[in-house]
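What follows draws every value from the coordinates through simple rules; no lab data is involved. These numbers come from a predicted model, not from an experiment. Because the Cβ atoms are built from the backbone with ideal geometry, glycine has one as well, and the counts that use them run over all protein chains shown.
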Amino acid sequence: KAGVTQTPRYLIKTRGQQVTLSCSPISGHRSVSWYQQTPGQGLQFLFEYFSETQRNKGNFPGRFSGRQFSNSRSEMNVSTLELGDSALYLCASSLGRTREDYGYTFGSGTRLTVV
Amino acid sequence: GNSVTQMEGPVTLSEEAFLTINCTYTATGYPSLFWYVQYPGEGLQLLLKATKADDKGSNKGFEATYRKETTSFHLEKGSVQVSDSAVYFCALSDPIQGAQKLVFGQGTRLTINP
């Protein structure tokens, strides 16, 4: 079956702009999580959505937001981009119902560069 | 808060050598533990997991045992191949803070020479 699909793969934006990243989970998966990966901070949890509801949120400013649609596809948005937002943004999906379900399948990521 | 500490890298080994990558954790509850692998230019792939104490996760010749008494989840492989060269991440999820949230170690870069 198809894996987790993230689009676009690469993005270059200017400081102050906003950006929207998209993630399509594995068919049947209702949980979608987002992570930011940088050389300095490593992998950090942004937020998780399950059945269109945010269930958990990491320690990121309000400029980072997300949503999930009824087909489980998810988008994350970053407004007023800063140079420090340059990172690989990873999306992950799982069934999300029980503890044993967890063990995410990750997409290949969107590489965002802010200039 | 919860945290994961991994063995400092990079690690360089010869093909067919024995591999150990150490991982210890701090958690408030009873976490699930994971190892992920990241190849260049790609996302993370789940390598193995364990959800309770004394469970052993295994996949592709890699193994790790959930040791509650030592709060450890060390990754081992008996004979590494060049294709195992990648970055390895240990991670946990803690139901108390939300099972959905993975906390990762800093990653260990592994290079296998032929």
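Quick grid of which residues meet (1) at the interface with another protein chain (Cβ under 8 Å from one of its Cβ atoms); (2) within 16 Å of B:Phe18 (Cα to Cα); (3) surrounded by 21 or more Cβ atoms within 10 Å (Cβ to Cβ):
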{"position": "B:Leu46", "(1), (2), (3)": "yes, no, no"}
{"position": "B:Lys49", "(1), (2), (3)": "yes, no, yes"}
{"position": "B:Phe62", "(1), (2), (3)": "no, yes, no"}
{"position": "B:Thr70", "(1), (2), (3)": "no, no, no"}
{"position": "B:Ser83", "(1), (2), (3)": "no, yes, no"}
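What residue, of B:Ser32, B:Ser58, is over 21 Å from B:Glu8 (Cα atoms), of a type in the set (S, T, N, Q) and either crowded, with 16+ Cβ neighbours inside 10 Å or in contact with a His (Cβ under 6 Å, 6 or more places away or on another chain) (or both)?
Details: B:Ser58 fails: either crowded, with 16+ Cβ neighbours inside 10 Å or in contact with a His (Cβ under 6 Å, 6 or more places away or on another chain) (or both).
One residue alone meets the criteria, B:Ser32.
Just the residues that are part of a loop (DSSP other than H, G, I, E, B), more than 14 Å from every other protein chain (Cβ to nearest Cβ) and of a type outside the set (S, T, N, Q), please, taken from region B:85-114.
Once the filter is applied, which keeps residues that are part of a loop (DSSP other than H, G, I, E, B), more than 14 Å from every other protein chain (Cβ to nearest Cβ) and of a type outside the set (S, T, N, Q), region B:85-114 yields only B:Pro114.
Can you report the number of residues in region A:102-115 which are within 14 Å of another protein chain (Cβ to nearest Cβ) and touching a residue at least 24 places away in the same chain (Cβ under 8 Å)?
Number of matching residues: 8.
Go through the residues of region A:93-107 one by one and say whether even a single one is in a loop (DSSP other than H, G, I, E, B), in contact with a Cys (Cβ under 6 Å, 6 or more places away or on another chain) and crowded, with 17+ Cβ neighbours inside 10 Å.
Within region A:93-107, one or more residues are in a loop (DSSP other than H, G, I, E, B), in contact with a Cys (Cβ under 6 Å, 6 or more places away or on another chain) and crowded, with 17+ Cβ neighbours inside 10 Å.
For every residue, the table says whether it meets (1) outside any loop (DSSP other than H, G, I, E, B); (2) in contact with a Lys or Arg (Cβ under 9 Å, 6 or more places away or on another chain); (3) over 23 Å from A:Phe69 (Cα atoms).
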| site | (1), (2), (3) |
| --- | --- |
| A:Ser27 | no, yes, no |
| A:Tyr35 | yes, no, no |
| A:Phe45 | yes, yes, no |
| A:Tyr49 | yes, yes, no |
| A:Asn56 | yes, yes, no |
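Among the residues of region B:98-114, which ones are surrounded by fewer than 17 Cβ atoms within 10 Å (Cβ to Cβ) and within 26 Å of A:Arg97 (Cβ to Cβ)?
If the condition is that a residue be surrounded by fewer than 17 Cβ atoms within 10 Å (Cβ to Cβ) and within 26 Å of A:Arg97 (Cβ to Cβ), then B:Gly98 is the only one that fits.
If I ask for residues that are under 25 Å from B:Gly29 (Cβ atoms) and free of Cβ contacts under 8 Å to residues at least 40 places away in the same chain, which ones from region B:60-114 would you list?
Once the filter is applied, which keeps residues that are under 25 Å from B:Gly29 (Cβ atoms) and free of Cβ contacts under 8 Å to residues at least 40 places away in the same chain, region B:60-114 yields B:Glu63, B:Thr65, B:Tyr66, B:Arg67, B:Lys68, B:Glu69, B:Gly98, B:Gln100, B:Lys101.
Just one of A:Ser86, A:Ser79, A:Ser93, A:Ser72 is in contact (Cβ under 8 Å) with a residue 24 or more places away in the chain, more than 10 Å from chain B (Cβ to nearest Cβ) and on the phi > 0 side of the Ramachandran plot; which is it?
The match here is A:Ser72.
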